[in-house]
1. I'm told Asp115 meets every condition in (1) in contact (Cβ under 8 Å) with a residue 60 or more places away in the chain; (2) within 16 Å of the ligand (Cβ to nearest atom) except one. Can you identify the failing condition by its number?
2. Just give me the residues in the range 138-167 being within 10 Å of the ligand (Cβ to nearest atom), closer than 19 Å to Val65 by Cβ and in contact (Cβ under 8 Å) with a residue 60 or more places away in the chain, in sequence order.
3. Inside the range 118-134, can you point out the residues that are in contact (Cβ under 8 Å) with a residue 12 or more places away in the chain and either in contact with a His (Cβ under 7 Å, 6 or more places away or on another chain) or not aliphatic (A, V, I, L, M) (or both)?
4. Within the range 73-95, how many residues are modelled with pLDDT of 95 or more and touching a strand residue (DSSP E or B) at 6+ places or on another chain (Cβ under 8 Å)?
5. How many residues does the range 1-54 contain that are surrounded by 13 or more Cβ atoms within 10 Å (Cβ to Cβ) and assigned to a loop (DSSP other than H, G, I, E, B)?
6. Taking the stated definitions as given, is Glu60 without any contact (Cβ under 8 Å) to a residue 12 or more places away in the chain, more than 28 Å from Arg168 (Cβ to Cβ) and assigned to a helix (DSSP H, G or I)?
Amino acid sequence: MDFIFIGNNLAADFVNTEVITPQGRTDLLSSAELLSTWFERAGCARGVKCTELDLEVAKELRAAVRRAFDRMAETKPLQATDVELLNKRSNELTRVLSGTNNSYKFTYRLETTADVLALIAQTCCELLASPRIDSLRKCASEKCILYFVDTSKNQHRQWCSMEICGNREKVRKHYDKNKVH
Ligand SMILES: [Zn+2]
């Protein structure tokens with residue numbers, strides 16, 4: 001299965017690397033190489049060499065972000081250990097000045113797994129502390145665990161995507177309506 005980018009937010013997209021398939025809960029980050037591929041596909045960094053240990057650290061962060069999102073959805077306070085981890089990881093984000101002559105850039109350093117995870121953690125912290133958190137939604141399908149930030153004008157987005165869950169729901173409603181009782 002391919003990676004899904006429907007979250008409108010880097011941290012949500014990272015959480016969405018765990019999906020429900022007909023086989024059950026499936027982890028799309030099943031190898032260190034796939035983590036590196038995800039960084040590239042998400043537009044974070046190219047060519048980062050991820051180790052098995054990096055993958056473990058990444059999954060620890062992903063679990064913390066999911067728990068934080070779940071808690072927010074239930075209007076419960078975040079777990080102190082998750083806040084601690086998010087703070088620790090996001091504080092690893094470094095900005096660097098680079099360039100020559102009159103052309104300089106001041107950008108995030110995104111060279112290692114720790115750098116990219118720091119960016120993901122910081123994006124998560126920013127979302128948690130912003131009014132946009134009210135637009136964080138879990139897909140309306142009971143069988144789906146995908147998260148997204150609803151950026152639609154009327155704030156009525158229900159589904160992770162029409163292709164994944166919206167159509168499935170339409171088909172189910174159609175079937176229910178036409179069922180012979
Ligand atoms: Zn869905």
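The values are calculated or read from the model by the stated rules, or taken from the named source; none is laboratory data. This one's a predicted model, so the numbers in the text were calculated from it and none came from an experiment. Here the Cβ is made from the backbone with ideal geometry for all residues, glycine too, and neighbour counts use every protein chain on show.
1. Here Asp115 meets the rest and fails (2).
2. Selection gives Lys138, Cys144, Ile145, Leu146, Tyr147, Phe148, Cys160.
3. Selection gives Gln122, Thr123, Cys124, Cys125, Arg132.
4. Count: 3.
5. Residues flagged as surrounded by 13 or more Cβ atoms within 10 Å (Cβ to Cβ) and assigned to a loop (DSSP other than H, G, I, E, B) within the range 1-54 amount to 16.
6. On the way: without any contact (Cβ under 8 Å) to a residue 12 or more places away in the chain: no; more than 28 Å from Arg168 (Cβ to Cβ): yes; assigned to a helix (DSSP H, G or I): yes.
Criteria not met by Glu60.
For every residue, the table says whether it meets (1) surrounded by fewer than 16 Cβ atoms within 10 Å (Cβ to Cβ); (2) closer than 25 Å to Arg46 by Cβ.
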position: Arg66; (1), (2): no, no
position: Thr81; (1), (2): yes, no
position: Leu85; (1), (2): no, no
position: Val96; (1), (2): yes, yes
position: Gly99; (1), (2): yes, yes
position: Leu110; (1), (2): no, yes
